[in-house]
Each structure stands twice: as C-alpha cells, then as structure tokens.
Amino acid sequence: MDPFFVPVSGFDLPRFAGVASFMRLPVVMPDHPRFAEVQIGLVGAPWDGGTTNRPGPRHGPRSLRDASTMIRAENGATGVRPFEAVRCADLGDVGPNPADLMDSLARMEAYYARLRAAGIVPLTAGGDHLCSLPILRALAKDRPLGMIHFDSHTDLFHSYFNGSMYTHGTPFRRAVEEGLLDPHRVTMIGIRGTAYDREDRDFAEAVGIRVIAIEEFHARGVADVMAEARERAGQGETYVSYDIDFIDPAFAPGTGTPEIGGPNSFQALQVVRELAGVRIVGADVVEVSPPFDVNGATAYMGASVMFELLCVMSGAVLAEA
C-alpha cells in the first residue's frame, strides 16, 4: 500500500476541513509525475448540455466531491478496503465547452482516450447522461462493450425536438448505432414512468437489449435480477452506468427527471454489490442535480453509490493484474 494514494483520515484532519476531493484522495492531474501509476481514476464531468428539461447536473461533481468526504476506508457490508487494494486518485474535471455541445463531446472523448492509453479505469461523476457517450467512444473504440445500466429511463430514443440527435435521452441509441455496445450484453434495470411512446422499448427489443422494468425488479428481487445481468454481461468487458434517478425520489430527490416507485436507498447499494465478478472497465454516476437536492441527500446517496462501485471495480482491476 502506497501512502501517497491513501485518503486523508478524518482522525488526522476533520472532514469539514481541507480542500474537498473525491473521497479525500490525492488530486493527480494528467501532468502529475505519478499520473501513470493510478489504477482507478475518479473524474468529474461538469456538463449538462444534453439536458432537455431541468438543468443542474453540471454542478453535480462539486456536490459529490463535498459529500464524498464522509466516505471512510472500509465497506461495512463487504469488508472491501479499496484504497488499500488499488491506487486511486481524483483526476480533476473534464473541461467542457458550455457553448458548444459537439466540442464538449470531442473534449470528453479525448480526455478518456488518454486515460485508456494510460491504463487507468475511470469512475465518473456527471453531469447528465449524455456524458456516457463520449466515455464509451473512448473506451470501446476497438471493440463493443457490454453494459449494466441502472436508470428509470432507457435513454434509447432516436432524437428529440425535430432531429436533435444528442441529448441525455439518446446516448445509448447512438452507442449501439456506433458499435460501442453489444446489445446482447446490455441490461437496463429499473425502467418506469410515463412515456411519449414505445419507440425506445421497440428499439431495445429489435436489437436484443434486455429491459427490466421496475415492476419486474420489485417482483423478482435484487439478487435474481442481478444474477441475470451478470450472466448477460458474461466474461467480457463491461461498462456500468448509474443514473441517480434509478433510485426513488423519496431518497434521491436532487435530479432533473425523477420517477416515483423506484428502489429504496438500501436496494440502491445492493444492486452495485451484486456486480462483484463483472469485468468492469469503467463506470459513471450521473444526473445528480444540486439545485433540486434537499439537504445534500442526493449528493450523499451518489457518493455512496460511487464508493460501492469503487469497491467492485477494485476487485475487477485486481483480477486483470
């Protein structure tokens, strides 16, 4: 265990003091001499240029960093101590162009391509869900990935507003069309709410994406649903995308498109723990919107999900070593 990559302890510096970084990890920018030693990099993507209704996720990374100072060294349920298992660091933020959507997508893709070239597995704090597309473009440039997707929406729509192809409702339609995802290894969990039509569900069925609606999720339970998701992902490289609106808004109100009837906060963590053994090559937590949050509850929920993801990702990194 390299002490450089160990988070600052609350016994050494109070959690309300110091400069906030993800989980109090060292900040290692790409020009840092130890950048190439990082195994899992926590990245902020402060951009919501794909939002179609209530904006705000551009402020998500800052709130998630602040909330994550509450995270400690050990997972109380699984016993995993990720900061001792692998070298983790806060890599700062991707710098978007708030005036140009396409330039922002290109900037993000280039940033994550650099991480991939360095062998760093990214864990991203969004940002809206369109942020997942440039990440996938970088990580899946050579071969399609599987994906396990937690959300109340499929994000599989063709376009919005007379042909706008890039919104937070379209990233995974584009990813399938561009060959970034193997649809037969994609599972979408928690889908619910009112709808404009069934275009997204029809597309999923046509290409082989498995959509598990919230009614099926509640009827079968976490363990059974996640066993299917792991089986579909198989042994291949897999991306995990976690929209905070997967969780019922009673527990995570700070998001732009909430849908009632979702999982509670315990189930929100359980589904991530059930990813153990999946060959995860990247993950994100998106759509945390501080303007709609209540007393920081959603930010802390998102930070807790990120820690659970970090725990299972550390196991995946060790398995690849």
Q: Out of ALA73, ALA138, ALA77, ALA89, report the one residue that is touching a helix residue (DSSP H, G or I) at 6+ places or on another chain (Cβ under 7 Å), modelled with pLDDT of 95 or more and part of a helix (DSSP H, G or I).
A: ALA138
Q) For the range 269-282, how many residues are in contact with a Phe, Trp or Tyr (Cβ under 7 Å, 6 or more places away or on another chain) and open to solvent by less than 10 Å² (accessible area, probe 1.4 Å)? A) 2
Q) Of the residues that sit in the range 151-167 and are open to solvent by less than 20 Å² (accessible area, probe 1.4 Å) and either out of contact with any Ser or Thr (no Cβ under 9 Å at 6 or more places or on another chain) or closer than 19 Å to ALA106 by Cβ (or both), which one is modelled with the highest pLDDT? A) THR154
Q: Please go through the range 283-316 and pick out each residue that is buried (at least 21 other Cβ atoms within 10 Å of the Cβ) and β-branched (Val, Ile, Thr).
A: VAL285, VAL286, VAL288, THR298, VAL305, VAL312
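A quick yes/no check of all residues on (1) open to solvent by 40 Å² or more (accessible area, probe 1.4 Å); (2) assigned to a helix (DSSP H, G or I); (3) closer than 14 Å to THR124 by Cα; (4) among the hydroxyl-bearing types (Ser, Thr, Tyr):
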site: PRO14; (1), (2), (3), (4): yes, no, no, no
site: VAL19; (1), (2), (3), (4): yes, no, no, no
site: PRO30; (1), (2), (3), (4): no, no, no, no
site: LEU42; (1), (2), (3), (4): no, no, yes, no
site: THR51; (1), (2), (3), (4): no, no, no, yes
Q. So which helices (runs of 4 or more DSSP H) stay within the range 195-269 end to end and still have 3 or more residues that are in contact with a Ser or Thr (Cβ under 8 Å, 6 or more places away or on another chain) and either without any contact (Cβ under 8 Å) to a residue 12 or more places away in the chain or closer than 28 Å to CYS311 by Cβ (or both)?
A. 222-233
Q. Which of the residues spanning the range 154-187 are assigned to a loop (DSSP other than H, G, I, E, B), closer than 28 Å to VAL222 by Cβ and in contact with a Gly (Cβ under 7 Å, 6 or more places away or on another chain)?
A. ASP155, PHE157, HIS168
(Q) Test of understanding: among ALA219, ALA250, ALA195, ALA229, which residue is within 19 Å of HIS158 (Cα to Cα) and not charged (D, E, K, R)? (A) ALA195
Q: Name every residue in the range 103-134 that is assigned to a helix (DSSP H, G or I), out of contact with any Leu (no Cβ under 9 Å at 6 or more places or on another chain) and over 24 Å from ASP151 (Cβ atoms), in order of residue number.
A: ASP103, ALA106, ARG107, ALA110, ARG114, ALA117
Q.
Restricting to the range 88-105, count the residues that are open to solvent by 40 Å² or more (accessible area, probe 1.4 Å) and more than 19 Å from the chain's Cα centre (by Cα).
A. 6
(Q) Taking the criterion of being open to solvent by less than 40 Å² (accessible area, probe 1.4 Å), among the polar types (S, T, N, Q) and under 17 Å from the mean Cα position of the chain (by Cα), would at least one residue in the range 115-136 satisfy it? (A) yes
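The values are calculated or read from the model by the stated rules, or taken from the named source; none is laboratory data. Just so you know, these numbers come straight off a predicted model, no measurement behind them. Glycine gets a Cβ as well: all are built from the backbone with ideal geometry, and neighbour counts include every protein chain shown. The accessibility values were calculated without ligands, DNA or RNA, using every heavy atom of the protein model including side chains. Shrake-Rupley method; radii C 1.70, N 1.55, O 1.52, S 1.80 Å.
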